[in-house]
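J.: Here it is, the structure in full.
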Amino acid sequence: MLRYTIRRLIQLVGVVLVLSLLLFAWLRALPGGPVSALLGERATPESREALTKQLGLDQPIFVQYVKFLGRALSGDFGVSTGVQPGDSAMEIFLQRFPATIELSFLAIVIAVALGIPLGYLAAKRRGGWFDNLSVAGSLIGVAVPVFFLAYVLKDVLSAALGLPTQGRQDAIGATRVTGFFVVDGVITQEWDAALNALEHLILPAIALSTIPFAVVFRITRAAVLDVLNEDFVRTAESKGLTSPVIRRRHVLRNAMLPVVTTIGLQTGALLAGAVLTEKVFSLPGVGQALAIGFERRDYPVLLLLIIMATVVYVVVNLLVDLSYAFIDPRIRTR
Amino acid sequence: MAHSRTARRRWSAAIGLTGVAALALSGCAQSERGGETGGGQVGGTLTFGAAGAPKLLDPFYATDGETFRVSRQMFEGLVGFKPGTAEVQPALATKWESSADGKTWTFTLKENVKFHDGTAFNAEAVCVNFNRWYNQKGAAQSEAVSQYWLDNFGGFADTPDKPSLFKSCAAKDPKTAVVELTKSTSQFPSVLGFTSFSISSPEALKKYDADNVVASGDAFTYPAYANEHPTGTGPFKFGKFDKANNVVELVRNDDYHGDKAKLDKVVFKIIPDETARKQALKAGDIDGYDLPNAADWAGLKSDGFDVKVRPAFNVLYLGINQLNNPKLQDLKVRQALQYAINREQLVKSQLPEGATVASQFMPPLVNGYDKSLEAVKYDPEKAKALLAEAGASDLTLKFYWPTEVTRPYMPSPKDLYGAIAGDLQKAGIKVEATSKPWNGGYLTDVDNGVPDLFMLGWTGDNGTAHNWVGTFFGRTDNRFNTGKSPWGKVLADDLAAANAEPDEAKRTKLYEGINKKIMTEYLPAVPLSYAPPAIVFKKEIQGVTPSPLTDERFGSASKG
Amino acid sequence: MVTPTRKKDRIDALAASSGESDAGVSLAASAWRTLRRSPVFLTGATIITLFVLISLLSPWLAPQDTAEPMLIDQVVKARNEIPPPQPGHLLGGDLQGRDFFSRLLVGSQQTLIVGVLATLIGLAGGLTLGTLAGALGGWVDTVVMRLVDVMLSLPSLLLAFSISAMFARPNQYTVIVAVAVVQIPVFARLLRGSMLAQRSSDHVLAATALGVKPGAIVFRHMLPNSLGPVIVQSTLVLATAIIDAAALSFLGLGNPDDRVPEWGQMLGDVQNVFDTHPQLAFWPAGCIIVVALGFTLMGETLREALDPKSRR
């Protein structure tokens, strides 16, 4: 198990190195880039040339990459040119990551809270109208572009429910402890601040939860169907155990395994979805930084955030694998 | 650090009232506060929706509008601009006079002025600032850092090959500062009204290592002064920059030397998305934002918001580059382009209310604008005839337009491009369209002379003609490559001469003459339009005057 | 039986369905029997047939030119006015005064092209890698699969965003490439899995024993038998590609030239007027949802029909 973990981590380092080299080289090859971003429309050919030289952008790409790696090892990934001009990319990531975690967490909670019970019910009534309806619903949910749904929520639901449509928190002056606004409010017992931060998350989290919901729903449904067909359930039934007992003791617990894994594995979809929803709701998280970064070609920020997204995704995958093997002994023997 | 009681109350109010109209909410907060202060005019927080975060807080190194917007509330310069105009008026200097040759300027300073850190403002402090600007070293000399100084004053103390406009500054007595220049220029003293040339506290500059700019990797990092301790003399002082919540907070300076600010606080809430700013305003989350989309003006007005339209202080033009296609060196061809574009239709369909067709390369507010010039009328037949005369009937031009950008003079480049290209095709000119991201190749290609036609514009920094035509055509290797034509050099020389003329009346005449020549004899590009940008506030925000220079100061603003 | 949850495992499970392929013909036949009676599949198939027909015929169906700003005189930005529906212009005009109905119709064609090309490129890339790995095995297999796993370890939509952000000049083709590249590893793993499942199957062993050349085995025996899973995956990718292309446009990474419209671009480009002219967003969004749903319905029912597990 330990060796497996170490091997995966080494692989991760390799992936990050290759990825960063590819990104770096490619971004450097693009026209414009940092010089254009810094000088803007007032630039003259001379000032461009001077700045290119000053920033060392005229050196061979490999030299630039080695220098970049050197700085990157000390956490310096360069300075933002478009998202928060002047701030270091790392600072931007650290400030914004908690917002995205809060959002993703709430989205997963919504997806699970709806997906598991609905999936279970649908499986129990396979082929019935409830089953067909909810399967159709989950399929439509996947077919709707996330950002479109976000706009519909923002324009329709926000007015109906009186929920805020942008930002992380209304007022300022709340004490910052962890950077997680909801958690901060709870720790410092500034309950209204916590509630306010939570309200800001609701609509974006609903928009973000559709795809994980659909996946959790379908996996739950399939898993429950599988388990219902398994020998041990049939055996239990034949032994005369009543249906609620079977449900609790055997069906749900066994069906939980794939569901738990799925939840972990939705990280990727959440990261990409966060780019879209955070943009729509002007939520200052990593996703919004990526969206603005794409829009304003903020390469230092893009480079770091893409690498961090990969790291997070791979690490979560690894954790899921480990926990999976830990929970289900059958895997370990595979 | 518990948050203040008022903030707490605002929250409870907000939570208790979610779903109720925003107006009622702010009204409620208002009455509570009114009870405390007795008047309703004083106090309150103005929350302004900003499109981006300020890059830094030291205006001298700034190049971005968001930094200027925040720092002009905290800083003042020797001169300022009369609200709502581009005319210079006294600020930290009460009066000034220049020698006959325009090289020696004596400023009389306002007395009893204190910086936010309590230190005194005097002639010595003024000279410390000038010398600071002039003595920038190393990375700080970069075009990307001290851009406004380089553009307006030229070089630095240790760059003899790059002469500077600035020569020296002396404190004759505590209330008199004498600034020596190396030559006469029309830019002085109005250039001192730029937010970049605001006066900072010498003490704070030193204490927080203000000049320590470091080039790191692809960019520059700025010292503590620019990040956390901006110290000026303005009506507001720095509160904090809550980066996790994307909010900048300024608080009232109770020791301000003039009329004290009415607001307790000014908060800049960063909302990058245009639609989100509009919705935040409608929901009552913010009290105002800049540059509402022209299409929203009518809707915002009918919803009871105060859309303040600034006087147009920009120009959009169709750039013509003479470098690659020799046919473009022919005046007739360039005139044909001017006749081919239906500018009236363009202005009506694509630009905000109040936009007009441009008759020259500067708007009417600028000194030297020639009133006698009229924009030529749309005439596709005349365009065809001119092209035939020039033997250019089968003209094919490389037309570039930018993506990933909007500018006050160019609200939607794609839509503007579509209209212009359609007009050109109707006049028989073939267009090879290329679009590139603004910062991802467009500006570079325009600078390097790749396209034949391009869309670009300018928003003025001040009301001197030099800031306009001087910027466009002051050199021969400009974006239009006017040096390719014999008149390019003449134009550049005429512009330099006009700029150096110390007598204002004579100077204005010279510029009027130049503008006429540009439009009738040279036509290096086709000016398209002047478009007024707007800024929008809730009705109860009063005392903000829209400025052509976007120089809106919130010191005079009040809520209710 | 544990339900596959990971992307990898899901792909492998699908690939395995081609394993018992001596019965290839009968499998297809039985799948078809199931599908013919499935209302869900028929709904999907009807939607897609209509979509394809409309997109093929759209140049003749569209009443107006899609690039000509013929209603420009009814566009007044200052009053937020766009041309309303009127005779000859069923749905009025867009922000540039072009006929909106014609653009929707013609948009179907570009949308189909984006979907099909992205799928074909993804398939071709995956086919090359998967066949190499699956047919040759050994170190080629190891190298290729390591590469594929690296790609699968990035969130796919985020990868598509990043790829298109790397093009200096986004255009129609960069969108297709960005959407396609993220599908390559999926197809590669799918095909490799399918080949591996067949390598030890009776008919391949028989062919090898009879001295048939390896190349011929791959192309005559193995690939045709992988067709089922590939079709299923392709159908699902068509839906994903169309939705992903819209997301790219929304982030400003789409094709900026809109003279020839595409639904994703039409939707992504109107984000600023979503609240004031919602019809400009609802029409293309509705079209995308219906078509994506059509492909998904077909894909999912196909998958079930081909899945040996569900036929027990």
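Computed from the coordinates by the stated procedures, all read-outs in this text should not be read as laboratory data. All values reported here derive from a predicted model rather than from experimental measurement. Cβ placement follows ideal geometry from the backbone for every residue including glycine, while neighbour counts extend to all protein chains displayed.
J.: Just checking the output field for C:244-251: average partner chain Cβ neighbours within 10 Å of each residue's Cβ?
T.: 5
J.: Whole Å is fine, so just give me how far the alpha carbon centre of region B:162-181 lies from that of region B:303-377.
T.: First find each Cα centre; the distance between them is then 40 Å.
J.: Please arrange B:Lys269, B:Lys332 by how many other C-beta atoms lie within 10 Å of their C-beta, fewest to most.
T.: Ordered by Cβ neighbours within 10 Å, fewest first: B:Lys332, B:Lys269.
J.: Residues with amide H under 5 Å of B:Ala50's amide H, sequence separation 5 or more or different chain, H placed in the peptide plane at 1.01 Å from N; which?
T.: Sorted by chain and number, the residues that satisfy this are B:Lys269, B:Ile270, B:Ile271.
J.: Per residue of region C:78-87, in order, report the coupling 6.51 cos²θ - 1.76 cosθ + 1.60 (Karplus, θ = phi - 60°) as ³J(HN,Hα) in whole Hz, putting x for Gly and Pro.
T.: My calculation for region C:78-87 gives 4, 10, 6, 9, 10, x, x, x, 7, x Hz in order.
J.: Checking a compactness column here: for region B:102-223, what do you get for Rg(Cα) / (2.2 N^0.38 Å), N being the number of residues?
T.: Ratio of Rg to 2.2 N^0.38 Å for region B:102-223: 1.08.
J.: What do you get for Rg/Rh of the protein assembly as shown when both radii come from the Cα atoms and Rh is the Kirkwood radius?
T.: 1.00
J.: Given H placed 1.01 Å from N in the peptide plane, which residues other than close sequence neighbours of A:Val79 have an amide H under 5 Å from its amide H?
T.: Counting only residues 5 or more places away or on other chains, the set is A:Ala89, B:Asp218, B:Ala219.
J.: Applying the Karplus parametrisation 6.51 cos²θ - 1.76 cosθ + 1.60 with θ = phi - 60° to the phi angles of region A:142-150, what ³J(HN,Hα) value in whole Hz is obtained for each residue in order, glycine and proline being reported as x?
T.: 6, 7, 7, x, 4, 5, 5, 4, 4
J.: Under the Karplus relation 6.51 cos²θ - 1.76 cosθ + 1.60, θ = phi - 60°, what is the ordered set of whole-Hz ³J(HN,Hα) values for region A:10-17, x standing for Gly and Pro?
T.: In residue order, the calculated couplings are 4, 4, 4, 4, x, 4, 4, 4 Hz.
J.: Right, another one. Just to be sure I understand the model, the point goes 7 Å from the Cα along the line to the Cβ. What's the resulting C:Phe219 to A:Val177 distance in nm?
T.: The modelled label-to-label distance comes out at 6.9 nm.
J.: Which of B:Thr106, C:Thr142 comes first, and how do the rest follow, when ranked by fewest Cβ neighbours within 10 Å?
T.: C:Thr142, B:Thr106
J.: Among B:Leu456, C:Leu136, what is the fewest-to-most ranking by other Cβ atoms within 10 Å?
T.: The most exposed by this proxy come first: C:Leu136, B:Leu456.
J.: Only sites in a loop by DSSP and with at most 12 other Cβ atoms within 10 Å count here; which GluC sites (Glu not before Pro) in region B:367-455 make the cut?
T.: The qualifying sites are B:Glu374.
J.: Quick one: in region A:2-72, what % of C-alpha pairs are over 19 Å apart?
T.: Roughly 48 percent, rounded to a whole number.
J.: OK, next. Quick one: among C:Leu223, C:Leu152, C:Leu210, which has the greatest mean-square fluctuation in a GNM of chain C with alpha-carbon springs under 10 angstrom?
T.: Maximum fluctuation in the GNM of chain C, among the listed residues, is at C:Leu210.
J.: Ok, one more. Only residues of region B:524-545 count here: report those whose backbone N is under 16 Å from the spot 7 Å along Cα→Cβ of B:Val309, or say none.
T.: Only B:529-537 pass the distance filter.
J.: Which whole-number percent is the relative contact order of chain C (Cα, under 8 Å, 6+ apart)?
T.: Answer for chain C is 26 percent.
J.: How far, in nm, would the chain grow between C:Leu205 and C:Arg36 when pulled straight, counting 0.36 nm per residue and subtracting the alpha carbon separation?
T.: Length gained, C:Leu205 through C:Arg36: 57.4 nm.
J.: Testing the spin-label approximation: label points 7 Å from Cα along Cα→Cβ at B:Lys172 and A:Leu57. State their distance in nm.
T.: 4.6 nm
J.: I need the P(r) histogram for region C:28-306: all alpha carbon pairs, bin width 10 Å from 0 out to the longest distance, whole percents.
T.: 7, 24, 28, 21, 12, 5, 2, 0
J.: Could you work out how far apart the two model spin labels at B:Asn324 and C:Asp65 are, taking each label as a point 7 Å from the Cα in the direction of the beta carbon, and quote it in nm?
T.: Going by the 7 Å Cα→Cβ label model, 2.5 nm.
J.: Hey, another quick one. Roughly how crowded by other chains is peptide A:68-79, in terms of the mean Cβ count from those chains within 10 Å of each of its Cβ atoms?
T.: Per residue, the number of nearby Cβ atoms from other chains is 2 on average.
J.: Run the helix sum for chain C: -39,500 (n - 2.57) per DSSP H stretch of 4+ residues, divided by residue count, reported at 222 nm to the nearest 500 deg cm²/dmol.
T.: -21500 deg cm²/dmol
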